[in-house]
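Enquirer: Can you read through this structure? Questions will come right after.
The values are calculated or read from the model by the stated rules, or taken from the named source; none is laboratory data. Quick caveat: nothing in here was measured; it's all calculated off a predicted structure. FYI the Cβ positions are ideal-geometry reconstructions off the backbone, even for glycines, and counts take in every protein chain you see.
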Amino acid sequence: MMADSAAQSLAGSRVRLMKDNLARYSVTAGGIMVLVALLLIFFYLLYVVFPVFRPVSLESHDSFTIPGQGKTLTLGIEEQNEIGFRVTDTGSVVFFAARELEGGPAAGSVVLEETVMDTTGTINLAATTPSKHAYLLTNDSGEGLVIRPDFSVSFPNDKRQLTPYVGYPFGSDLITIDPQGKALKEIVFERESTLATVVGLTEDNRLVLTQLVGEEDFLSEEVVWSPEFYTIEGATGNVDQLVLTPDQRILMVRSDSVIDVYDVSNPSAGIERIQALDFGQSELTYMTLLSGASSILVAEKGGVISQWFQVATDNGREFQRIREFDAGSDVTVMAPEFFRRGFMAGTDSGELSIYHATGNTRLTSEKLADETIDRVVFSPRADAALMEEEGKIYFLDIYNPHPEVTWSALWQKVWYEGYQEPQYIWQSTSASDDFESKTSLVPIAFGTIKAAFYAMLFAVPIALAGAIYTAYFMAPEMRTYVKPTVEIMEALPTVILGFLAGLWLAPLVEDNLPGVMMLLLVVPTGFLLTAFAVHKLPRSIKQQIPEGWDAIVLIPVVIFLGWLSFEMSPMLEESLMGGNARVFLTNELGISYDQRNSLVVGIAMGFAVIPTIFSIAEDAVFSVPRHLSNGSLALGATPWQTLTRVVILTASPGIFSAVMMGLGRAVGETMIVLMATGNTPLIDWSIFQGMRTLSANIAVEMPESEVGSSHYRVLFLSAFVLFILTFVFNTISEFVRQRLRDKYSNM
């Protein structure tokens, strides 16, 4: 019998040992998998974000002798980077292979050459902005022809074929530019669907403006263009270059060291010089418009490139010098990108550099030529370029997919076009292709911190006070109802809280703003008065309240004080705020009020955070060994002294962990801030203003972002910032918690 009992005991020990080992290995494996998952998230975010920070590259892929005859007036290339073209001073358009492709013609081979203007004199050229892709050729008689080198795509035998041709947007007949028939030395040209403007400097130094107005013929349905002629007076010095904005409103005339700015939006009412940009003793070498035509780039002798755009001043909107770039030596040519705020600058030393204006950055610089760079042009997708120098054309490969994402653009103030001053702005998309993206992470990182701050400001006092009272003072019977009730609140979906906050709480707060503000004073005061009144009650009455059930007394008090505050709200609003609290805040106090604001977010998100903090803190306080509090009470300390000097100190690691867990949830909360904040990326601590958080921004914009775009990768970068932010908070909390545990573990 004893042997059987020993065998059974041994078998039971082995089973327990197997269960213990299984549990230990399972827990260890689970912990390892959690760490692996976190590392995978970390490295995946890095993998998506890394291309943003890859260096820009600019390399010469092919070079060849200039194809065709004559001097190049302009270069161009189609968006597939296969066929380039040059317009020459002989009146012809030469299409050529821009690079050598498998099975295709050699780089530089002429694909098509078409004569568009026959003349024995001098031909000059003016180009629209790159995105409009049209050119005006003029002859010695002051006449012009508008052409558009273009490409058609076909698929014979299921193989893509690119066919170049020359289009004539205004017809193939010559258009009179100067009614006096003089040749034009400098020309600028812009067009829209039914309006085109040409400004030229004639050989007898007259500055003429010709406006072509198009009207659709009723019978042929063709657009018929009628010219209107004007003269511009008052240009200073020798005119070296003209620039006209695509909207045909602003003309800039460069002469010597001055740029005269004219308003040509309504030439029939008069052409007015509205500003003169004086560069003092600096000699100007080149100027061009950036994409979007809100900014002008001006190159000065010595290689300084300055960016100018209009800013509202006391005298109206005027051009101001915003930022500078250093090219190193004299700039001979500049080329803007089609749709972004990047540009290239070539110098007389053969160096070609790529810049991004918004980020105030020189992205890369390479010496690609031995002589002066004569011409350079971007491809439409800005992933290639053509460069010409002394009898040769170079095809350049460019890797520059994310020029707008720089450290300064993400984390520093940037002076964006049209703004009064440098600001932190998040505005990632627009309906316009010429939009200047604004991807500062500062407003949304600030919004994350602001939302968490107001949520914790609301939640921490309520949650900790409730947890301490429940664990230390409340009767055990009552605790069995209160604790599970508060904890079950945590199961409420945050989307429901966000829905209620946005559609019910926000209008309620707006309609009863004085009452809500009054609650902050009335409720604490009412608690103190109630406690004082209960203290003064006769002992016989106080003894009827069971020990630990005191909180029951406060329930009707809270209901009454809430009802009283909201009932008094209209009266307070009428007597103190002129009947409209929102107007009073705006007009009298200068405080803007958004319906979905930080106050609403603080209440709603605080309500979501309270159960987390309450549950962990209550467990920490309740777990303090009874012999510590009993010993303190036995030595004559009051319950309050025991609580503050023994219980809370011992439970402080758990209480701190509870607060940090609540903060972590508040920082990462999405649905409540998405539905209740208004999603306005502002930097303003006002409790009556909204915000946009990192998590809400990702939820709003990720569905509309193009995969692999700068916008897409910046959203992943913001997720990475949020990941790091929560990791730092959790690390700090664990460090402080461990220090507190070490300090008070021996009590």
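Enquirer: Do we find that L528 is within 26 Å of Y454 (Cα to Cα) and surrounded by 13 or more Cβ atoms within 10 Å (Cβ to Cβ) in this structure?
Expert: For L528, the condition - within 26 Å of Y454 (Cα to Cα) and surrounded by 13 or more Cβ atoms within 10 Å (Cβ to Cβ) - is not met.
Enquirer: Another question, then. Counting just the residues of the range 291-333 that are more than 25 Å from K367 (Cβ to Cβ) and hydrophobic (A, V, I, L, M, F, W, C), which one comes out farthest from the chain's Cα centre (by Cα)?
Expert: Here the answer is F319.
Enquirer: For the list (1) among the β-branched types (V, I, T); (2) surrounded by fewer than 17 Cβ atoms within 10 Å (Cβ to Cβ); (3) within 26 Å of A617 (Cα to Cα), I need the number of the one condition that I541 fails.
Expert: Among (1) among the β-branched types (V, I, T); (2) surrounded by fewer than 17 Cβ atoms within 10 Å (Cβ to Cβ); (3) within 26 Å of A617 (Cα to Cα), the lone unmet condition for I541 is (3).
Enquirer: Being among the β-branched types (V, I, T) and assigned to a helix (DSSP H, G or I) is the filter here; which residues of the range 533-588 pass it?
Expert: Within the range 533-588, V534, I541, I552, V553, I555, V557, V558, I559, V583, T586 meet the criteria.
Enquirer: Checking P476 against (1) under 30 Å from L643 (Cα atoms); (2) buried (at least 16 other Cβ atoms within 10 Å of the Cβ), which single condition isn't satisfied?
Expert: It fails just one condition, (2).
Enquirer: For the range 63-100, enumerate the residues that are assigned to a strand (DSSP E or B), among the small types (G, A, S) and surrounded by 21 or more Cβ atoms within 10 Å (Cβ to Cβ).
Expert: G76, G84, A97
Enquirer: Does the range 265-312 hold any residues that are among the polar types (S, T, N, Q), surrounded by 21 or more Cβ atoms within 10 Å (Cβ to Cβ) and at pLDDT below 85, and which are they?
Expert: none
Enquirer: Only residues in the range 539-560 that are within 21 Å of A467 (Cα to Cα) and in contact (Cβ under 8 Å) with a residue 60 or more places away in the chain count as the first member; pair them with residues that are outside any loop (DSSP other than H, G, I, E, B) and of a type outside the set (D, E), Cβ under 6 angstrom, at least 6 apart or cross-chain, and list the lot.
Expert: W549/M478
Enquirer: Could you please find all residues in the range 709-745 being crowded, with 17+ Cβ neighbours inside 10 Å, more than 31 Å from the chain's Cα centre (by Cα) and either among the basic types (K, R) or closer than 21 Å to A409 by Cβ (or both)?
Expert: R737
Enquirer: Another one. With the requirement that a residue be farther than 18 Å from D62 by Cβ, assigned to a loop (DSSP other than H, G, I, E, B) and among the hydroxyl-bearing types (S, T, Y), what does the range 354-385 give you?
Expert: Across the range 354-385, the qualifying residues are T358, T372.
Enquirer: Restricting attention to the range 334-350, and to residues there that are more than 16 Å from V56 (Cα to Cα), touching a residue at least 40 places away in the same chain (Cβ under 8 Å) and in a loop (DSSP other than H, G, I, E, B), which single residue is farthest from the chain's Cα centre (by Cα)?
Expert: F338
Enquirer: Could you please find all residues in the range 313-347 being within 17 Å of K301 (Cα to Cα) and loosely packed, with under 14 Cβ neighbours inside 10 Å?
Expert: Within the range 313-347, R321, E324, D326 qualify.
Enquirer: In the range 394-406, what count of residues is obtained for those that are closer than 24 Å to G708 by Cβ and part of a strand (DSSP E or B)?
Expert: So the count comes out to 4.
Enquirer: Tally the residues that are small (G, A, S) and without any contact (Cβ under 8 Å) to a residue 24 or more places away in the chain, restricting the search to the range 136-177.
Expert: 3
Enquirer: Check off (1) buried (at least 16 other Cβ atoms within 10 Å of the Cβ); (2) out of contact with any Leu (no Cβ under 7 Å at 6 or more places or on another chain) for E704 and give me the number that stays unchecked.
Expert: All conditions are met except number (1).
Enquirer: Just checking, how many residues over the range 271-280 are among the small types (G, A, S) and either more than 19 Å from R317 (Cα to Cα) or in contact (Cβ under 8 Å) with a residue 60 or more places away in the chain (or both)?
Expert: Selection size over the range 271-280: 1.
Enquirer: State all residues of the range 698-716 that are among the charged types (D, E, K, R) and outside any helix (DSSP H, G or I); if no residue qualifies, say none.
Expert: Correct list: E706 only.
Enquirer: Name the residue that is surrounded by the fewest Cβ atoms within 10 Å (Cβ to Cβ), counting only residues in the range 552-604 that are aromatic (F, W, Y) and over 24 Å from M456 (Cα atoms).
Expert: W563
Enquirer: Collect the residues in the range 500-531 that are β-branched (V, I, T), in contact (Cβ under 8 Å) with a residue 12 or more places away in the chain and either within 30 Å of D550 (Cβ to Cβ) or in contact with an Asp or Glu (Cβ under 7 Å, 6 or more places away or on another chain) (or both), keeping them in residue-number order.
Expert: V516, V522, V523, T530
Enquirer: A further question on this structure: Just wondering, is there one or more residues in the range 33-55 that are closer than 26 Å to M387 by Cα and either in a loop (DSSP other than H, G, I, E, B) or more than 34 Å from the chain's Cα centre (by Cα) (or both)?
Expert: Yes; the residues of the range 33-55 include at least one that is closer than 26 Å to M387 by Cα and either in a loop (DSSP other than H, G, I, E, B) or more than 34 Å from the chain's Cα centre (by Cα) (or both).
Enquirer: Among the candidates L519, L554, which residue alone is touching a Ser or Thr at 6+ places or on another chain (Cβ under 8 Å) and under 17 Å from F473 (Cα atoms)?
Expert: Criteria check complete, one pass: L554.
Enquirer: When you look at R323, is it closer than 15 Å to Y355 by Cβ, in a strand (DSSP E or B) and not aromatic (F, W, Y), yes or no?
Expert: Against the criterion (closer than 15 Å to Y355 by Cβ, in a strand (DSSP E or B) and not aromatic (F, W, Y)), R323 qualifies.
Enquirer: When the residues of the range 176-203 are narrowed to those that are farther than 26 Å from A293 by Cα and either of a type in the set (S, T, N, Q) or part of a strand (DSSP E or B) (or both), which ends up farthest from the chain's Cα centre (by Cα)?
Expert: Looking at the filtered set, the residue picked out is Q180.
Enquirer: Also, quick follow-up: So if I check each of Y472, Y424, which one is under 29 Å from the mean Cα position of the chain (by Cα) and farther than 21 Å from T670 by Cβ?
Expert: Residue meeting the stated conditions: Y424.
To keep it simple, each residue is scored yes or no on (1) at pLDDT 90 or above; (2) part of a loop (DSSP other than H, G, I, E, B); (3) under 30 Å from F607 (Cα atoms).
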position: M387; (1), (2), (3): yes, no, no
position: S408; (1), (2), (3): no, no, no
position: G418; (1), (2), (3): no, yes, no
position: P443; (1), (2), (3): yes, no, yes
position: T448; (1), (2), (3): yes, no, yes
position: Y454; (1), (2), (3): yes, no, yes
position: P461; (1), (2), (3): yes, no, yes
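Enquirer: Now for a separate question. Take the residues of the range 430-473 that are surrounded by 15 or more Cβ atoms within 10 Å (Cβ to Cβ) and among the polar types (S, T, N, Q): which is farthest from F622 (Cα to Cα)?
Expert: Checking each candidate, the answer is S437.
Enquirer: Inspect all residues belonging to the range 481-494 and state whether any of them is aromatic (F, W, Y) and either at positive phi or surrounded by 13 or more Cβ atoms within 10 Å (Cβ to Cβ) (or both).
Expert: For the range 481-494, residues aromatic (F, W, Y) and either at positive phi or surrounded by 13 or more Cβ atoms within 10 Å (Cβ to Cβ) (or both): absent.
Enquirer: Being touching a Leu at 6+ places or on another chain (Cβ under 9 Å) and either modelled with pLDDT of 85 or more or buried (at least 21 other Cβ atoms within 10 Å of the Cβ) (or both) narrows it down to one of I683, I655, so name that one.
Expert: I655
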